[in-house]
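Have a look at the structure below before the remarks.
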Amino acid sequence: RTGKRSIMGALADGYYTCHRFIINNLRDGYNQGYCTVCSKQVSYSLDNPYICGGVLPVLKGTTNSPDGSHTWILDKGYIIDTTLMLVIEENYAKNLGYIEENRYNPNIDPIYMSTKEYTCDKTIRKN
């Protein structure tokens, strides 16, 4: 390196920075985050759900989940998978490859509960 900065070098750096931003935040990151957001939205209509996170190897390498990370809902013995649009019995989860790493009980979270109450309040909806 000569220590001098050329216009073409600056343009190339700008291009790669924008490209990496789009890949990280709009393509890969957006899809991974949406899985959790969608699970939360669906869980508002359930009484006592758990939001689970872990790995689903079948998703590994996909745009939705390059590393296989995944989120799903566990409710009354059923897994509700909002990404794959599946509802399966919990005891089949291991056969399909679900590896649970954490389980979150949103019903003990006051912010979740207030959002759920607001979302489910039929008195504030327009007809």
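The values are calculated or read from the model by the stated rules, or taken from the named source; none is laboratory data. Remember, it's a predicted structure, so these values are computed and weren't measured experimentally. Neighbour counts are summed over all protein chains in view; Cβ atoms, including those assigned to glycine, are modelled from backbone coordinates with ideal geometry. Ligands, DNA and RNA are excluded from the accessible area calculation, which covers all protein heavy atoms including side chains. Shrake-Rupley method; radii C 1.70, N 1.55, O 1.52, S 1.80 Å.
Worth a mention:
- Residues located in the range 51-82, provided they are assigned to a helix (DSSP H, G or I) and at pLDDT below 85: V58, L59
- Residue, nearest to K60 (Cα to Cα), within the range 101-123, restricted to residues that are basic (K, R) and open to solvent by 50 Å² or more (accessible area, probe 1.4 Å): R103
- Applying the condition of being part of a loop (DSSP other than H, G, I, E, B) and at pLDDT below 90 to the range 36-46 and asking which residue is farthest from I108 (Cα to Cα) yields S45.
- A search for C-beta distances below 6 Å between a residue of the range 80-93 that is closer than 14 Å to G54 by Cβ and free of Cβ contacts under 8 Å to residues at least 60 places away in the same chain and any residue that is part of a helix (DSSP H, G or I) and open to solvent by less than 70 Å² (accessible area, probe 1.4 Å), counting only pairs 6+ apart in sequence or on different chains, returns T83/C35.
- Failed item in (1) over 15 Å from V37 (Cα atoms); (2) of a type outside the set (G, A, S); (3) surrounded by fewer than 17 Cβ atoms within 10 Å (Cβ to Cβ), with Y98 passing the rest: (3)
- Taken over the range 96-121, the residue count meeting the criterion of being part of a loop (DSSP other than H, G, I, E, B) and over 19 Å from K76 (Cα atoms) is 3.
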